[in-house]
1. Failed condition for V158, given (1) closer than 30 Å to N50 by Cβ; (2) of a type in the set (A, V, I, L, M, F, W, C); (3) outside any helix (DSSP H, G or I); (4) without any contact (Cβ under 8 Å) to a residue 12 or more places away in the chain, with all others met?
2. Looking at (1) closer than 30 Å to D48 by Cβ; (2) open to solvent by 20 Å² or more (accessible area, probe 1.4 Å); (3) at pLDDT 95 or above; (4) outside any helix (DSSP H, G or I), can you tell me which one F113 breaks?
3. Need pairs with beta-carbon distance below 7 Å; first residue within 17 Å of A10 (Cβ to Cβ) and within segment 74-86, second modelled with pLDDT of 95 or more and open to solvent by 60 Å² or more (accessible area, probe 1.4 Å); sequence gap 6+ or separate chains.
4. Can you name the number of the only condition in (1) more than 29 Å from S131 (Cα to Cα); (2) more than 14 Å from the chain's Cα centre (by Cα); (3) of a type outside the set (D, E, K, R); (4) crowded, with 17+ Cβ neighbours inside 10 Å that A202 fails?
5. Could you list, in sequence order, all residues of segment 79-110 that are small (G, A, S), closer than 24 Å to D139 by Cα and in a helix (DSSP H, G or I)?
6. Could you run through segment 89-110 and say how many residues are among the hydroxyl-bearing types (S, T, Y), over 15 Å from the mean Cα position of the chain (by Cα) and crowded, with 24+ Cβ neighbours inside 10 Å?
7. Residues that are open to solvent by 20 Å² or more (accessible area, probe 1.4 Å) and closer than 22 Å to E140 by Cα: does segment 23-46 have at least one?
8. Condition first: in contact (Cβ under 8 Å) with a residue 60 or more places away in the chain and of a type in the set (K, R). Can you find one or more residues in segment 220-228 that meet it?
Amino acid sequence: MTTSLARCNAPDVQHTFAELATEALYREIRLTPKPGLVDRVNSGAHKDMNFALFMTSIAAIAPWFSTFFNVGRETARLAGPQTLRAIRPTGLACEQAMFNATGGVNTHKGGIFSLGLLCAAAGRLTQRQESLTQRSLCDESSAICKGIVEQELKNRGVAKTKGEQQYKAYGFTGARGEAESGFATVRHVGLPHFDIALRRGASEDDALLRMLLGLMAANPDTNLVSRGGTEGLNYARRYSRRLLTVRHLTPEKLVNALSRMDVQFIRRNLSPGGSADLIAVGWLLSQFPCE
């Protein structure tokens, strides 16, 4: 763990965790190249956003992470779903701050949900004087989101939102399902790719790119489905899996391969935005011990 939060008092933990959540967003947007996604080189498959807009969005979002943490602390002794209800007004206010900063463009709605949830989980754990680890943060996030898929997707009547429509059509649970699972895709797919790359001497950016490939290969990314249907999702997954099987994929070769992948994704109007959100989650979790 890069920070000794176990020895800090609650306000210090709150400040540090909020800073890490903010840094996670910066790490994601600066990571380049990301196929179909906004990065330092281009805007991917997006015509309404760019790198500068993402930086502006992060600046607007950052002050709210401490509030998520504090609500988690205040509701630490309550059942997890009560914390979810308690943080919803903060989530909506944070989203509005984002929209105000971006002129109505949705740059980080998924990131606000996932990272805000982790901040609330950290607040609950800190208030109960429990250690912050990858497992505890994910387990606490799962407890907070218990029943969210059934309540917000399964038991809805007529499907109105894209998320509801995709659940009805394909059973995809999106960000809600990932959160309720305790970020299972991040923990069991993304982070192992990241850790293996680091152990082999890769830079952190190279390790994050390999995490992205792993996530795209496994994640049923609802953003890809929204743009390209299941055909687009399957194309992205097959492409990612094929790259993961390439032997001796040096950092230079990886960057070149992802740049070529970017061209194909842009041509097909594909953007794995769900996996981009999980990069930020993965980086944040990587700052803490596994157990």
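1. (1)
2. (4)
3. Once the first residue is within 17 Å of A10 (Cβ to Cβ) and sits in segment 74-86, its partners that are modelled with pLDDT of 95 or more and open to solvent by 60 Å² or more (accessible area, probe 1.4 Å) give T75/Q82; A76/Q127.
4. It fails just one condition, (1).
5. So in segment 79-110, the residues small (G, A, S) come out as 79-80, 86, 91, 93, 97, 101, 103-104, 110.
Next, from what is left, pick out any that are closer than 24 Å to D139 by Cα: 79-80, 86, 91, 110.
Across segment 79-110, the qualifying residues are G80, A86, G91, G110.
6. Filtering segment 89-110 for residues among the hydroxyl-bearing types (S, T, Y) gives 90, 102, 107.
Right, trim to over 15 Å from the mean Cα position of the chain (by Cα) and you get 90, 102.
From the residues that got through so far, the ones that are crowded, with 24+ Cβ neighbours inside 10 Å too are none.
Selection size over segment 89-110: 0.
7. At the first step, the residues of segment 23-46 found to be open to solvent by 20 Å² or more (accessible area, probe 1.4 Å) are 23, 26-27, 30, 32, 40-43, 46.
Those left that are additionally closer than 22 Å to E140 by Cα: 23.
For segment 23-46, residues open to solvent by 20 Å² or more (accessible area, probe 1.4 Å) and closer than 22 Å to E140 by Cα: present.
8. yes
The values are calculated or read from the model by the stated rules, or taken from the named source; none is laboratory data. Just so we're clear, the structure is a prediction, and the values are computed from it rather than from any experiment. Note: ideal-geometry Cβ built from the backbone for every residue, glycine included; neighbour counts use all protein chains shown. Keep in mind that these areas ignore ligands, DNA and RNA; they rest on the heavy atoms of the full protein, side chains included. Shrake-Rupley method; radii C 1.70, N 1.55, O 1.52, S 1.80 Å.
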